[in-house]
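Student: I have a structure here, written as structure tokens, and I will follow up with some questions on it.
The values are calculated or read from the model by the stated rules, or taken from the named source; none is laboratory data. The structure displayed is predicted, hence computed values, not measured ones. We place every Cβ from the backbone using ideal geometry, glycine too, and count neighbours over all the protein chains shown.
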Amino acid sequence: MTQRHTRRINKPGEPGPELPPNGADEVIPLADDPLLGGALQLIGCTTVFEPGWETDGWAGMTSLCRPMQRDVYGCSADCWWPAQVPDELSNYQGWSEQCGNVEKDWSKLNFVGE
Amino acid sequence: MIALPIAAGALGQGERGPYVPAEPLPARGRLTPVLRYLVAGKPYLFVGETNAILALDSVSDDLVAELGRDDATDDAALAAVAASHGRDAARSAFRELALERVVLPPGMSAVPRELGEPPRFPLKSVVLNLAQGCNLSCSYCFADEGLYHDKTYGMMDSATARSGIDMAFEEGEGHVHVTFFGGEPTMNWPVLVDAVRYGEALALEKSRTIDFSVTTNGALLTDERIAFLASHRVGVSVSLDGPPDLNDRHRAMKGGRGSSDIVLPRIRRLLELHQSRPIGVRVTLAAGNTDVERIFDYMLDLGFYEVGFAPVTSARADLQLPAAELLAILDGFRRLADRTMSAAREGRFLGFSNLVNTWQELHEGKIKSHGCGAGIGLLSVGSQGGLYLCHRFTGSEEHGFGSLEAGIDQAARADFLKAAHVAHKDPCQTCWLKHTCAGGCYHEAWERQGSALAPNAHYCDYMRDWMELALATYTELAEHHPAFIERHLATRVRKK
């Protein structure tokens, strides 16, 4: 898209080496994932239909929901995203009742029959 | 999905200066943290999320104003701008601003924190503390007259220096940079000479490149030593505070006598004989020493190519710059910036390092998640072979990352970098300098705030004023004097 109302006058910033690469094709074992460590809490972002997977909130690729493991609860409760997990808001409220800790109890997640 | 830290590990807590909480900037409507400013009557926007500098037209400028209202919604702002510019123009300007990350993501009232795992951090630079000990006793020295945190007086031996250079080659890629630091590194001259020769030979053998620099007070520079530095293209940064009456206030010999009489004749010889690299001077501004314009002129007259000013880092209240003096310094910087700009308009370069280096960063648009390269591209080697976050933390065990013998403690290094990410610094989240300052210097924060991980709250106002000045002047150069940028900023390519 040609930009007509804004014009950049410095160089497009290259993120420093310390910023993460686009995580889309990165595979991180669940247990090693720093984002699932005890110091992190999930809060919602996609309570309405908004980008999350294909593009980020700015229609770019740099802030995609990642890694996918951390969306297991986030996307089923406050941020409902139908493609990934059962909708806990209204239809499958007991879906994750038995699973207190996703890293340990993931096998206790219930199936959704219909 | 947003991940918020509940508690970042509080590394480096200690009994230091009084804690000053940083005030977050108030959120403004639907805008991400941005600064709008005018140059020659035209509106520009600095975008804190991307460090982009955008020239705005009247549509996007009006849209920024509407989106910046406290009660703004995207729809209301679009409707207001559509009323004066038409619906299509308003919508396409909105889209551009959204792509440039000027507008918050839909449904959100704050920018999601991006918590990155530092993926790789090859070393680019090592600092060798050749001498923990100094021939001067400057009142404000963060190294405690060179003794540093572990209070040991020690000279690095050649084996340690060589092993530090080996590590730089092994842990880095491509070019290697070595800085000799202290204390006063020239007190350990034979080891400096050996390290330069060893590094050069190693670079040749490995088909890599290496360069050296030394930070010195100049007192021990003889003609012969200067000739060595010149022939091996060792960059020299001299520590000097100004004309004798200013310099001697804080920079004293061991007996308390001012150091100017001793150092000035040798610095003059250095400037005369060392022509292979431009020589810069580093001025420490401590309480009562704020006349930056006079210092600047004095240094250029002496023959220095660049002059950099740094405010003192000290937990001692009598040395710290009070707010009024910081403002006086900023006024002096403004006058120096005016002169640097007058020169630039005529295509001339005036070596006001603070401004030129800031222009360089703005020009490159580099996005920082950490205050500096310490721990990422740079580690410091203590005189006994310990590895530390940076030269300023030499000897501080709580900021240690292994040793030359045991290797870099990569886990500790990764933990520190993770905890020091700007996403963990709450007040920085709404600041348009979040990816420029990223909380600032770890050592300054440790001295003044008690933790290396705290944002430097006491410099927020100063930093924002300074960056407004740098943005306005850079923007004028980029828009009206691109040849200057091409010549002096675009060509200052940093070696990787």
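Student: Say we look at region B:250-290 and pick out the residues that are at pLDDT below 90 and small (G, A, S); which of these is farthest from B:S137 (Cα to Cα)?
Tutor: By that ranking, first place goes to B:S276.
Student: Just checking, how many residues over region B:412-462 are assigned to a loop (DSSP other than H, G, I, E, B), under 15 Å from B:A22 (Cα atoms) and within 12 Å of another protein chain (Cβ to nearest Cβ)?
Tutor: To start, the set of residues in region B:412-462 that are assigned to a loop (DSSP other than H, G, I, E, B) comprises B:420-421, B:425, B:431-441, B:450-456.
Restricting the remaining residues to those that are under 15 Å from B:A22 (Cα atoms) gives B:425, B:431-434, B:437-441, B:450-456.
From the residues that got through so far, the ones that are within 12 Å of another protein chain (Cβ to nearest Cβ) too are B:438.
Matching residues across region B:412-462 total 1.
Student: Could you say whether any residue in region B:80-97 is in contact (Cβ under 8 Å) with a residue 40 or more places away in the chain, outside any strand (DSSP E or B) and either more than 10 Å from chain A (Cβ to nearest Cβ) or touching a His at 6+ places or on another chain (Cβ under 6 Å) (or both)?
Tutor: Looking only at region B:80-97, we keep the residues that are in contact (Cβ under 8 Å) with a residue 40 or more places away in the chain, and these are none.
Among the residues of region B:80-97, not one is in contact (Cβ under 8 Å) with a residue 40 or more places away in the chain, outside any strand (DSSP E or B) and either more than 10 Å from chain A (Cβ to nearest Cβ) or touching a His at 6+ places or on another chain (Cβ under 6 Å) (or both), which makes the answer no.
Student: From B:D241, B:D248, B:D211, which residue is surrounded by 15 or more Cβ atoms within 10 Å (Cβ to Cβ), in a loop (DSSP other than H, G, I, E, B) and not hydrophobic (A, V, I, L, M, F, W, C)?
Tutor: Values: B:D248 fails: in a loop (DSSP other than H, G, I, E, B); B:D211 fails: in a loop (DSSP other than H, G, I, E, B).
Matching residue, one of B:D241, B:D248, B:D211: B:D241.
Student: Go through region B:98-113 and give me each residue that's within 7 Å of another protein chain (Cβ to nearest Cβ) and of a type in the set (A, V, I, L, M).
Tutor: Applying the first criterion (within 7 Å of another protein chain (Cβ to nearest Cβ)) to region B:98-113 yields B:98-101, B:105-108, B:112.
Matches in region B:98-113: B:A98, B:L99, B:M108.
Student: Show the residue pairs meeting these rules: Cβ distance below 7 Å; 6+ apart or different chains; first residue within region B:34-47 and within 11 Å of B:V64 (Cα to Cα) and surrounded by fewer than 16 Cβ atoms within 10 Å (Cβ to Cβ); second residue modelled with pLDDT of 95 or more and small (G, A, S).
Tutor: none
Student: Right, something else. Can you tell me which residue within region B:352-366, out of those that are within 7 Å of chain A (Cβ to nearest Cβ) and not in a helix (DSSP H, G or I), is surrounded by the fewest Cβ atoms within 10 Å (Cβ to Cβ)?
Tutor: Here is the first cut: in region B:352-366, the residues within 7 Å of chain A (Cβ to nearest Cβ) are B:362-366.
Still in the list and also not in a helix (DSSP H, G or I): B:365-366.
Details: B:G365: 20, B:K366: 17.
Across region B:352-366, the extreme among qualifying residues is B:K366.
Student: I need a count of the residues in region B:380-411 that are in a helix (DSSP H, G or I) and surrounded by 18 or more Cβ atoms within 10 Å (Cβ to Cβ).
Tutor: Filtering region B:380-411 down to residues in a helix (DSSP H, G or I) leaves B:391-393, B:397-399, B:410-411.
Restricting the remaining residues to those that are surrounded by 18 or more Cβ atoms within 10 Å (Cβ to Cβ) gives B:391-393, B:399.
Residues that pass the stated criteria total 4.
Student: Another question, if that's okay. Considering only region B:251-278, how many residues are crowded, with 21+ Cβ neighbours inside 10 Å and under 16 Å from B:V307 (Cα atoms)?
Tutor: Qualifying residue count, region B:251-278: 2.
Student: Is at least one residue of region B:367-376 among the polar types (S, T, N, Q) and not in a loop (DSSP other than H, G, I, E, B)? If you could, list the steps in order and put the result at the bottom.
Tutor: As a first pass, look at region B:367-376 and keep what is among the polar types (S, T, N, Q): B:369.
Add one more test, that the residue is not in a loop (DSSP other than H, G, I, E, B), and what stays is none.
No, that holds for no residue.
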